[in-house]
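This report refers to the structure that appears directly beneath it.
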């Protein structure tokens, strides 16, 4: 599988700069095509039309992709249409917002299984924030479980499991992320990849590397050892390394 999980950053919504361009260009490069088909899944934002408009302008007009969108809340897409759109794409880009709600919807419609099939066929699986968490076994998420108000409590959510660890986005810009993630690991063990905004984990089959769109962006590997949580900064030297080394515990 080829996966690029982005920790956070802006893609050009109104009033904000584009922050992840170098990473997005790498997503496109991985396809080997000049004008690849890029499919947006805005499920986490409940099919936000603004997200789609921003994606069209950025990935379409600016980066030269053939863009399309797959709505899973605001339109009753058939199983056939969902399969055709996902498997017919070169890139699947998953937008951010509520991870828990998105994954629940995916599982209800079988989208997670189709994405797994697409990844095995060479479709690039990518996304930001919720769109990064989803590819991992678990995620450190601020998704609310109940009620109309957004909870500030960070919770552990179950992802697709394509990558065997936990993911934590926005590691630098949201103050509660670092202590929350360390507490989760201290209590439950396991391994997590923490991504700051403008950093991404790039996985190509059995290798990985960290890529960034800002010289100040970093990524980390956290795990419990001898009763303490260890936080290791991952190298950002553009070199690919064995994936098994990243996930060894």
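If you go through the range 167-198 one residue at a time, how many are outside any loop (DSSP other than H, G, I, E, B) and over 17 Å from residue 230 (Cα atoms)?
Number of matching residues: 0.
For the range 75-95, which residues satisfy the criterion of being part of a helix (DSSP H, G or I) and over 10 Å from residue 41 (Cα atoms)?
79, 80, 81, 82, 83, 84, 85, 87
If I ask for residues that are in contact (Cβ under 8 Å) with a residue 40 or more places away in the chain, assigned to a helix (DSSP H, G or I) and out of contact with any strand residue (DSSP E or B) (no Cβ under 7 Å at 6 or more places or on another chain), which ones from the range 112-129 would you list?
112, 116, 120
If you take the residues in the range 31-45 that are under 29 Å from residue 142 (Cβ atoms) and either at pLDDT below 95 or in contact with a helix residue (DSSP H, G or I) (Cβ under 7 Å, 6 or more places away or on another chain) (or both), which one is surrounded by the fewest Cβ atoms within 10 Å (Cβ to Cβ)?
Per the stated criteria, the residue is 45.
Surrounded by 15 or more Cβ atoms within 10 Å (Cβ to Cβ) and either under 24 Å from residue 56 (Cα atoms) or at pLDDT 95 or above (or both): does that describe residue 139?
Yes, satisfied.
Name, by its number, the condition in (1) in a helix (DSSP H, G or I); (2) under 24 Å from residue 168 (Cβ atoms); (3) touching a helix residue (DSSP H, G or I) at 6+ places or on another chain (Cβ under 6 Å) that does not hold for residue 139.
Exception for residue 139: condition (1).
Checking residue 58 against (1) at pLDDT 95 or above; (2) outside any helix (DSSP H, G or I); (3) buried (at least 19 other Cβ atoms within 10 Å of the Cβ): exactly one of these is not met. Which one?
Going through the list (1) at pLDDT 95 or above; (2) outside any helix (DSSP H, G or I); (3) buried (at least 19 other Cβ atoms within 10 Å of the Cβ), residue 58 breaks only (2).
Matching residues to (1) buried (at least 16 other Cβ atoms within 10 Å of the Cβ); (2) in a loop (DSSP other than H, G, I, E, B); (3) at pLDDT 95 or above:
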| site | (1), (2), (3) |
| --- | --- |
| 16 | no, yes, no |
| 23 | yes, no, yes |
| 29 | no, no, yes |
| 51 | yes, no, yes |
| 68 | yes, no, yes |
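On the basis of being touching a helix residue (DSSP H, G or I) at 6+ places or on another chain (Cβ under 8 Å) and surrounded by 17 or more Cβ atoms within 10 Å (Cβ to Cβ), does residue 109 make the cut?
Against the criterion (touching a helix residue (DSSP H, G or I) at 6+ places or on another chain (Cβ under 8 Å) and surrounded by 17 or more Cβ atoms within 10 Å (Cβ to Cβ)), residue 109 does not qualify.
The values are calculated or read from the model by the stated rules, or taken from the named source; none is laboratory data. Bear in mind that the values here come from a model prediction, so they are computed numbers and not experimental data. Every residue, glycine as well, gets a Cβ built from its backbone with ideal geometry; the counts of neighbours run over all protein chains shown.
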